[in-house]
1. Would you work out the relative contact order for the range 82-144, in percent, from Cα pairs under 8 angstrom that are 6 or more residues apart?
2. I need the trypsin sites (Lys or Arg not before Pro) found in the range 20-74, filtered to DSSP loop residues with at most 15 other beta carbons within 10 Å of theirs.
3. Which GluC sites (Glu not before Pro) does the range 219-309 hold that lie in a coil by DSSP with at most 14 other beta carbons within 10 Å?
4. Under the rule that an exposed site lies in a DSSP loop and has at most 12 other Cβ atoms within 10 Å, name the longest stretch of the chain with no chymotrypsin sites (Phe, Trp or Tyr not before Pro) of that kind, not counting the sites themselves.
5. Neighbour counts of other C-beta atoms within 10 Å: give me CYS23, CYS69 arranged from fewest to most.
6. In sequence order, what are the phi-derived ³J(HN,Hα) couplings for the range 209-219 according to the Karplus relation 6.51 cos²θ - 1.76 cosθ + 1.60 with θ = phi - 60°, rounded to whole Hz, with x for glycine and proline?
7. Return a whole-number percent for the relative contact order of the range 3-164, with Cα pairs under 8 Å and 6 or more residues apart as the contact set.
8. If you rank HIS302, HIS125 by fewest surrounding Cβ atoms within 10 Å, what's the result?
Amino acid sequence: MRFWWVNHKQTFTEEVGGNYIWCPKRKKDGSRNHFYETLREVQRGDLVFSFADAHLQAVGVAKLPCYSCPRPDEFGKVGELWDQRGWRVDVGFQRFLHPLRIVAVADQLAPLLPQRYSPIQPNGHGNQGAYLAEISQVFARRLLELAEPRMLGLLDAAQVHEVGGSSIADPVVLLEWEDLLQRRIENSTFIPETTRKALIQARRGQGRFKENVTRMEFQCRITGVSNPTHLVASHIKPWRESTDEERLTGANGLLLTPSIDHLFDRGFISFGDDGEVLISPVADPESLPRMGVALDRRHFTHAFNGDQRQFLDYHRKEIFLKSSQ
């Protein structure tokens, strides 16, 4: 279990009310921000403390690891200049009965602040530009003691798991996003019927897209399964984030077994250009071997070609759940 502090600023009502946190992937100038990248490290069961309007307002349990998705519609005009795609973590927030004014207890918290990348200043005011920052368990305990002692049980992993409950494998937001894109394809009068059908089949890793991928790939790079019946064509740059052309090109695909496809699509694994299998620190070490990913050695497949590498670069930067900083 890890512990996080989020500075909501303008979107507190939408995020805590909607039980999630979201930030753009890059700053306005296109550069990366450490406090945005940290979302990629959040795991299911982590605790997230909510700070807004000078008060610690709530605490929540992360329901799922981070995933890539568009800026929430409910933000409205807030953040219109932000990167339209960002990182999201679903969090089951519980509001404090009496929000804690941090300036009033700053002297107690100052010795516990992170030496680097602190979410607040020693005087209790928020740090400009800091969205999500990791804090220590000691700091988290002190916050609960001051704000809501009855919630101290959240520091126990067993209780956190009970509070977090079970979650579906695919976030509802991603399914809704893909469903919307599919409806747009189905209703388009500018796309020929055969192409519309191919684009929709490509969402499931089948049809023309799979045929194109098999011209470059002949088996699952991790499990070695080669029978096409047991393989899906997995998009390297996800179908939901690709152009129509990218949704059908063979260079944007790998042949993977369903379990490996899930790990790759959600960013729990990726690949280096040389074929090395990259494993996210967020991935469950108990599940990976059972799904076919060995942890006791570095695993290499054959190198990728130039066209594939362009898509893999996107996957590592925009999907893979590992901070680049």
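Rule-based calculations on the coordinates, nothing more; no lab input. Every value quoted in this text rests on a predicted model; they were computed, and no experiment measured them. Cβ placement follows ideal geometry from the backbone for every residue including glycine, while neighbour counts extend to all protein chains displayed.
1. Answer for the range 82-144 is 26 percent.
2. LYS27, LYS28, ARG32
3. Taking the range 219-309 and a limit of 14 other Cβ atoms within 10 Å, the loop GluC sites (Glu not before Pro) found are GLU286.
4. In the chain, the maximal stretch lacking such sites is 1-189.
5. Ordered by Cβ neighbours within 10 Å, fewest first: CYS69, CYS23.
6. Couplings: 4, 5, 4, 5, 5, 5, 6, 10, 10, 10, 7 Hz.
7. The normalised contact order for the range 3-164 reaches 28 percent.
8. Going from sparsest to densest Cβ surroundings: HIS302, HIS125.
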